[in-house]
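All remarks here apply to the structure that follows.
The values are calculated or read from the model by the stated rules, or taken from the named source; none is laboratory data. Just so we're clear, the structure is a prediction, and the values are computed from it rather than from any experiment. All Cβ positions, even for glycine, are placed from backbone atoms using ideal geometry, and neighbour counts span all protein chains on display.
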Amino acid sequence: MKLPPGWYAVLSAADLKPNKPLGQKRLGEDLVFWRDQSGRPAVLKDLCPHRSVKLSGGEVCQNGKHIACPFHGFQFDSQGQCRHVPETGKEAPNLRVKTWQSAEKYGFIWLYVPKDDNETGSEESIPWFNELQEKKFCYSEFSESWNIHYSRCIENQLDYAHLPYLHRTSIGKNFDVQGKYEFLLDENSIKLVLKSGYFQFKFANIWYLDISPTLKQMIAFVPVDDNTTVMYVRAYQAFTTLPLVEKLVGKVLAASNRVILNQDKAAVITHKPSSSLLASEEKLYPSDRGIAWFRKQFSEKAVEI
Ligand code: FES
Ligand SMILES: [Fe+2]
């Protein structure tokens with residue numbers, strides 16, 4: 001897959017349980033995630049180099065240090081090195097599985113896409129939104145999978161001109177599409193200030209909507225492959241911390257977000273071509289400035305991984 005380098009939020013941290021490998025396709029590759037002995041995520045290509053079955057069907061062993069393949073029990077550590085072959089009782093220095101640099105932060109598991117094989121990412125550079133750092137917020141989350149390239153899902157969230165039409169029965173009812181809105185752009189982020197609130201996108205794959213001082217939203221757009229995107233959608237609220245009320249508020253916010261996203265989905269999954277990077281025939285309008293920015297940054301940065 002062609003992707004801009006950087007940190008990608010790829011999995012909700014809550015989905016990665018201790019002592020249980022999890023197989024997920026992300027960034028164009030089948031991957032196995034598990035937590036090592038200290039709870040840190042380890043991420044390997046989900047393919048055993050012995051006879052090519054999925055490691056994710058195996059088990060975490062050696063107190064979280066290794067993952068054992070389900071077929072013949074070869075064990076691999078979090079660096080992908082084969083540490084035990086049952087037949088020889090030894091390590092196998094020539095057997096290694098490709099690994100990905102990973103981290104856990106802000107309730108997500110992140111993967112780093114390097115510019116080249118020698119580069120590593122610093123965990124301090126994991127992008128986030130200052131507004132969500134405040135302790136008063138708690139969030140509810142759900143995920144969706146759409147059959148379309150992730151560029152189209154991101155561009156949909158940078159496109160304000162569809163609000164009063166596609167969302168005319170919901171959030172777009174009174175939106176002034178002829179208004180002048182300010183875009184703040186740099187290489188890695190874009191911010192659009194609307195009359196009420198603002199939204200922001202940061203490379204590689206996170207988006208934020210500031211609705212009010214006590215209500216915010218964020219989405220991580222996870223590239224699965226060239227035709228599939230998983231979205232983690234979170235509503236952050238600071239109305240209440242009472243556990244039962246918080247749960248209920250979370251459910252209501254998730255339900256209303258789903259209604260809006262379903263309106264988007266009906267249009268977005270019909271894009272052709274699937275990736276906007278191949279959409280050279282499209283005629284962009286001034287409101288599409290965010291989309292033009294995204295395409296330029298994406299095509300300048302992207303590397304084949
Ligand atoms: S295929 Fe994995 S140990 Fe044999
Ligand atoms: Fe929308």
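Quick notes
- Number of positions in region 51-91 that are within 11 Å of ligand 1 (Cβ to nearest atom), surrounded by fewer than 18 Cβ atoms within 10 Å (Cβ to Cβ) and not hydrophobic (A, V, I, L, M, F, W, C): 9
- Contact map, region 278-293: first residue touching a residue at least 24 places away in the same chain (Cβ under 8 Å), second residue in a helix (DSSP H, G or I) and among the acidic types (D, E), Cβ cut-off under 7 Å, separation 6 or more or different chains; pairs are I291/E155.
Results for (1) assigned to a helix (DSSP H, G or I); (2) surrounded by fewer than 18 Cβ atoms within 10 Å (Cβ to Cβ); (3) in the same structural domain as S145 (by TED's automatic domain parsing); (4) more than 16 Å from ligand 1 (Cβ to nearest atom), shown as yes or no for each residue.
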| position | (1), (2), (3), (4) |
| --- | --- |
| V224 | no, no, yes, yes |
| R234 | no, no, yes, yes |
| F239 | no, yes, yes, yes |
| E246 | yes, yes, yes, yes |
| A255 | yes, yes, yes, yes |
| L277 | yes, yes, yes, yes |
| G290 | yes, no, yes, yes |
| W293 | yes, no, yes, yes |
| K296 | yes, yes, yes, yes |
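- Of residues in region 281-299 being within 26 Å of the chain's Cα centre (by Cα) and hydroxyl-bearing (S, T, Y), the one nearest to A204 (Cα to Cα): S299
- Filter result for K272 (assigned by TED's automatic domain parsing to the domain that holds E300, out of contact with any Phe, Trp or Tyr (no Cβ under 8 Å at 6 or more places or on another chain), in a loop (DSSP other than H, G, I, E, B) and surrounded by fewer than 18 Cβ atoms within 10 Å (Cβ to Cβ)): yes
- When region 177-214 is limited to residues that are among the basic types (K, R) and at pLDDT below 95, the one that is surrounded by the most Cβ atoms within 10 Å (Cβ to Cβ) turns out to be K195.
- Meets criteria (more than 16 Å from ligand 1 (Cβ to nearest atom), charged (D, E, K, R) and farther than 30 Å from A302 by Cβ) for R35: yes
- Selection from region 106-143 of residues that are of a type in the set (D, E, K, R) and under 22 Å from T214 (Cα atoms): E131, E134, K135, K136, E141
- Restricting region 138-168 to residues that are of a type in the set (F, W, Y) and more than 28 Å from Q101 (Cβ to Cβ), the residue that is surrounded by the most Cβ atoms within 10 Å (Cβ to Cβ): Y160
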